[in-house]
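Colleague: Just dropping this structure here.
The values are calculated or read from the model by the stated rules, or taken from the named source; none is laboratory data. Small disclaimer: the values here were computed from a predicted structure and weren't measured. No Cβ is skipped: glycine too gets one built from the backbone with ideal geometry, and neighbour counts run over all protein chains shown.
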Amino acid sequence: MNVTRDVINDLLPAYAAGEASNDTVALVEEFLRRDPELARTLEALRANPLPDLPIALRTTQEKETLIMTKKLLRLRGTLMGLAIWLTLLPLAFQFDGQRITWMFLRDMPITITTLVCLGALTFWGGFVYVGRRLGTTGL
């Protein structure tokens, strides 16, 4: 197999970072002895390394993220339960032989019925919002 300059160019970042295997190091060094121009390019790369990016992660950030995700999952379940309950509450009925009686609509004033419907919409909206926030975690 013939090793080309393109193959060595692909291997140079790993070689320069010191992450290449012994066989790769030997291959690259052998090629660099035969190609002084590429050797100068490598020296320039080593002379001007990219600065390390400052990553300011707290040591407990992974645990905090897990706890927050668990809280959001619990909140999503609670919101869904409340939304379903408030959605079905006005639909509660009683069947007496030949007649269906809508108990909630019969016994509650229109303002309470309206508030229950608005509450159901609010909880459904919260459920969708929390679901979208959890979408970033892949859940």
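Colleague: Regarding Lys63, is this residue among the charged types (D, E, K, R), surrounded by fewer than 11 Cβ atoms within 10 Å (Cβ to Cβ) and within 27 Å of Gly125 (Cβ to Cβ)? Explain how you work it out, then say what you get.
Modeller: Details: among the charged types (D, E, K, R): yes; surrounded by fewer than 11 Cβ atoms within 10 Å (Cβ to Cβ): yes; within 27 Å of Gly125 (Cβ to Cβ): no.
No, not satisfied.
Colleague: Also: Please work out if Ala47 is farther than 22 Å from Leu134 by Cβ, modelled with pLDDT under 85 and exposed (fewer than 10 other Cβ atoms within 10 Å of the Cβ).
Modeller: On the way: farther than 22 Å from Leu134 by Cβ: yes; modelled with pLDDT under 85: yes; exposed (fewer than 10 other Cβ atoms within 10 Å of the Cβ): yes.
Yes; evaluated as a whole, the condition is true for this residue.
Colleague: For the list (1) within 22 Å of the chain's Cα centre (by Cα); (2) modelled with pLDDT under 85, I need the number of the one condition that Glu64 fails.
Modeller: Among (1) within 22 Å of the chain's Cα centre (by Cα); (2) modelled with pLDDT under 85, Glu64 violates only (2).
So that you can scan it fast, the table gives a plain yes or no per residue for (1) within 30 Å of Arg132 (Cα to Cα); (2) not assigned by TED's automatic domain parsing to the domain that holds Val130:
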position: Asp23; (1), (2): no, yes
position: Ala39; (1), (2): no, yes
position: Arg76; (1), (2): yes, no
position: Ala83; (1), (2): yes, no
position: Phe93; (1), (2): no, no
position: Asp96; (1), (2): no, no
position: Cys117; (1), (2): yes, no
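Colleague: Taking Leu11, is it surrounded by 14 or more Cβ atoms within 10 Å (Cβ to Cβ) and at pLDDT below 85? Steps first, answer last, please.
Modeller: On the way: surrounded by 14 or more Cβ atoms within 10 Å (Cβ to Cβ): yes; at pLDDT below 85: no.
No.
Colleague: A further question on this structure: Could you list all residues from segment 110-139 that are of a type in the set (S, T, N, Q) and under 20 Å from Met68 (Cβ atoms)? Let's see the steps before the verdict.
Modeller: Residues of segment 110-139 that are of a type in the set (S, T, N, Q), as a first pass: 111, 113-114, 122, 136-137.
Scanning segment 110-139 gives Thr136, Thr137.
Colleague: Moving to a separate point now. Count, please, the residues in segment 115-139 that happen to be free of Cβ contacts under 8 Å to residues at least 24 places away in the same chain, farther than 30 Å from Glu62 by Cα and surrounded by 12 or more Cβ atoms within 10 Å (Cβ to Cβ).
Modeller: Here is the first cut: in segment 115-139, the ones free of Cβ contacts under 8 Å to residues at least 24 places away in the same chain are 115, 118, 121-122, 125, 128-129, 132, 135-136, 138.
Next, only the ones that are farther than 30 Å from Glu62 by Cα stay: 115, 118, 121-122.
Adding the requirement that they be surrounded by 12 or more Cβ atoms within 10 Å (Cβ to Cβ) leaves 115, 121-122.
Total meeting the criteria: 3.
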